[in-house]
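To start, the structure under review is shown below, and the notes come after it.
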Amino acid sequence: MSTALITGASNGIGLELARRLAADGHDVILVARSVDKLQALADELGGRHGIRAEVIGQDLGYEGAAQELVDKLGDRRVDMLINNAGFGEFGTFIEADIKRLNQMIQLNVATLTALAHAFGRRMAAQGGGQILNVASIAAFMPGPGAAVYYASKAYVLSFSDALDFELRGKNVRVTTLCPGPTDTGFATAANAEGSAAFRWPLLASLDSLADYAYDSLKAKRGISVHRWLIKLMAFSVRLSPRFLANYISARSIGFKG
Ligand SMILES: NC(=O)c1ccc[n+]([C@@H]2O[C@H](COP(=O)([O-])OP(=O)(O)OC[C@H]3O[C@@H](n4cnc5c(N)ncnc54)[C@H](OP(=O)(O)O)[C@@H]3O)[C@@H](O)[C@H]2O)c1
């Protein structure tokens, strides 16, 4: 049976994807900083599904962290990489803490890239594999009031789309998951609670997003945007003048200028 490496598995989307992978008989390697939460999940999944669930405590938000994780794994075979760990930071750019913004770029962009590089290579040499990179609806538009987060996800979308094209000849497929606002720990961590984006009708349940994400992985879809309303937003931004896209995005984030 195959092994899935899941970053950000202690909560939210990563945790629910781990549950779905384990239920289908895949071994899982669970990575995040909260080792207690990961261990509780590993015990649950191993006990319920008889799979091997391994815990690796690793902060992925600094330069060199991805290589530390690769070193910890040694030559362990990984068939699926779920590049999910990430966070947002809502607020005015010039008032944000630059260290936190750099950590975000490191985690959302640099670590995701380094892990795709390390495991994409191995998968190509193994004769196949799958990578799921978690982007966002934010990838499709500028985000005044969360400018760096939105830009980080635009990178993930562009990078993953190209990587899928590069690697498909080697039987490695890359799925780009683009969730809209989803009920996880994300909004609290991003200081985004109360913004219009995290209310009806935009807010999705974690279960429905995780089901969609897992279906996308199984079907080896490329760019996967959850829910018709979010698809409509992503599409309409392409047809809108940039100022209008900025304005609507700023309103949904709660940025008033
Ligand atoms: N929820 C949404 O509305 C939404 C929408 C679009 C895209 N996304 C994306 O979905 C992904 C998952 O987010 P979520 O919604 O599931 O949020 P979440 O509930 O806050 O979970 C985030 C996960 O990332 C891990 N993480 C955060 N910083 C880390 C670090 N420095 N090193 C290692 N792991 C770290 C957390 O674990 P520890 O704290 O234990 O390290 C946790 O397991 C992110 O990439 C996010 O940008 C979310």
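The values are calculated or read from the model by the stated rules, or taken from the named source; none is laboratory data. Everything numeric in this text was worked out from a predicted model, so none of it was measured. Cβ coordinates were reconstructed from backbone atoms using ideal geometry, including for glycine residues, and neighbour counts include every protein chain displayed. Accessible surface areas use protein heavy atoms only, side chains included; no ligands, DNA or RNA. Shrake-Rupley method; radii C 1.70, N 1.55, O 1.52, S 1.80 Å.
Some notes on this structure:
- Distance from the Cα centroid of the range 99-125 to that of the range 21-75 is 17 Å (rounded to whole angstrom).
- Reported to the nearest whole Å, the Cα centre-to-centre distance from the range 140-165 to the range 230-250 is 14.
- A simple spin-label model places the labels of Asp75 and Ala189 3.4 nm from each other, with each point 7 Å out along Cα-to-Cβ.
- Surrounding net charge for Met141, when Lys and Arg each add one and Asp and Glu each subtract one, Cβ distance under 10 Å: +3
- For Lys99, the aspartates and glutamates whose Cα falls under 19 Å of its own Cα, not counting residues fewer than eight places away in the same chain, are Asp59, Glu63, Glu89.
- Approximating the spin labels as points 7 Å out from Cα along Cα→Cβ, the Thr92-to-Arg238 distance works out to 3.5 nm.
- Peptides 189-196, 54-61, 174-181 ordered by packing proxy, namely the average of other Cβ atoms within 10 Å per residue, highest first: 174-181, 54-61, 189-196.
- The accessible-area ordering, largest first, of the residues Phe159, Phe119, Phe255, Phe243 stands as Phe243, Phe255, Phe159, Phe119, per a 1.4 angstrom probe.
- Percent of Cα pairs in the range 175-251 per distance bin of 10 Å, from zero to the largest separation: 17, 44, 33, 5.
- Considering only alpha-carbon pairs that sit under 8 angstrom and 6 or more positions apart, the relative contact order computed for the chain is 19 percent.
- Residues of the range 3-253: accessible area per residue with a 1.4 Å probe, Å²: 46 Å²
- The residues packed around Asp183, meaning those with a beta-carbon under 12 Å from its beta-carbon, carry a net charge of -2 if Lys and Arg are +1 and Asp and Glu are -1.
- Distance-filtered residues of the range 169-210 - backbone nitrogen under 16 Å, label point 7 angstrom along Arg251 Cα→Cβ: 195-202
- Length released on extending from Gln126 to Leu229, taking residue separation times 0.36 nm less the Cα-Cα span: 33.2 nm
- Taking the charge dipole of the range 1-150 about its Cα centre, with +1 at Lys and Arg Cβ atoms and -1 at Asp and Glu Cβ atoms, the residue from Phe87, Leu45, Ala110 reaching farthest to the positive side is Leu45.
- Given charges at beta-carbon only (K, R positive; D, E negative), |dipole| of the range 66-154 in Debye: 240 debye
- The range 3-253: translational diffusion in µm²/s, Stokes-Einstein, Kirkwood Rh over Cα pairs, 4 °C, 1.567 mPa s: 71 µm²/s
- Measuring nothing but how far apart in sequence close Cα pairs (under 8 Å, 6+ apart) lie, relative to its length, the range 112-257 scores a relative contact order of 29 percent.
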